[in-house]
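A short write-up of the structure that comes next.
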């Protein structure tokens, strides 16, 4: 909540000439001492905030900084608050929505207009996910080790990490940290993580911002060429964009794409059922034939 409160304080200071500490304390429902700590943190972040005592006093952005007041326009504020509200979709609380309501048209003039951006970051399993995020936030803030059982395509394992970042990327939540088992920086998907518990304190190291480029996280190691039925064009457009295929004389769509491994390629092709015909590579065509034969045995009642 501290980050959201500081954004709210900064927004008010950028929009008004002066705001008193008691007013800020009432608005954000915290003590004046907490407001002073937040203002000090903003000053350390490079925002020149002046404080005047007595009648007509309060906090204000220093005169020489007024040229930057336009940095947070009303559309900017709505975008910021939409992002804050999206965090409530994961936590299941209304703490960020309450901040938004404090800055909404009914209580101030900072954010005129109606909300037009709605973001929901929750998955199907919001409750377990919100618990994991809350526990990892505690671990990151306090510098505590995180231990868990992890389910990966390569197998299951017990992991112990120094957590540094919680990320939402590729439609899923991840924690990024130094894995003590692998002696390297690793990214762990929260939905594959179980039995999360906190350990003892560790000495924080310089943590690089994680490289989330697709080539880094999902390097292309396996390339396929396939013909896709026109009725499934929407799948290709949704996943790879409208330029990912070439229309053939018979109307089918010629697709070429890369995958991180063979299993991902097989899973993707099977998801089309009979709507995809694999052309290359030849060894994968053989593998797909074997899988099809095995499925026939299973569903014809001859499988083990």
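How high is the FRET efficiency from residue 237 to residue 29, r the C-beta distance, R0 35 Å, rounded to 0.05? Don't jump to the answer; show the numbers that get you there.
Working: r = 47 Å, r/R0 = 1.35.
The formula returns an efficiency of 0.15 here.
Taking a ≥ b ≥ c as the square roots of the eigenvalues of the Cα gyration tensor of segment 126-210, is the shape rounded (a/c under 1.5), prolate (a/b larger than b/c) or oblate? Display every interim value, and only then the final one.
Values: a/c = 1.30, a/b = 1.18, b/c = 1.11.
Because its axes are fairly even, with a/c under 1.5, segment 126-210 counts as rounded.
With a/c under 1.5 counting as rounded, go ahead and sort segment 161-229 into rounded, prolate or oblate using the C-alpha gyration tensor (a ≥ b ≥ c being the square roots of the eigenvalues; past the cut-off, prolate if a/b is larger than b/c, else oblate). List each step's numbers first, then the result.
Numbers: a/c = 2.71, a/b = 2.06, b/c = 1.32.
Because a/c hits 1.5 or more and a/b exceeds b/c, segment 161-229 counts as prolate.
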What shape does segment 163-304 take by its C-alpha gyration tensor, where a ≥ b ≥ c are the square roots of the eigenvalues and a/c under 1.5 counts as rounded, a/b above b/c as prolate, and the rest as oblate? prolate
How many angstrom separate the Cα center of segment 212-241 from the Cα center of segment 273-304? 20
For residue 52 and residue 218, what is the calculated FRET efficiency with R₀ set at 41 Å and r taken between the beta-carbons, to the nearest 0.05? 0.15
Roughly how far apart, in whole Å, are the Cα centres of segment 253-270 and segment 14-41? 54
Based on the Cβ-Cβ distance from residue 201 to residue 17, what FRET efficiency comes out when R0 is 45 Å, to the nearest 0.05? 0.50
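The numbers here are math on the coordinates, done by the rules we state, and not lab data. Keep in mind the model is a prediction, meaning the values are calculated, not measured. FYI the Cβ positions are ideal-geometry reconstructions off the backbone, even for glycines, and counts take in every protein chain you see.
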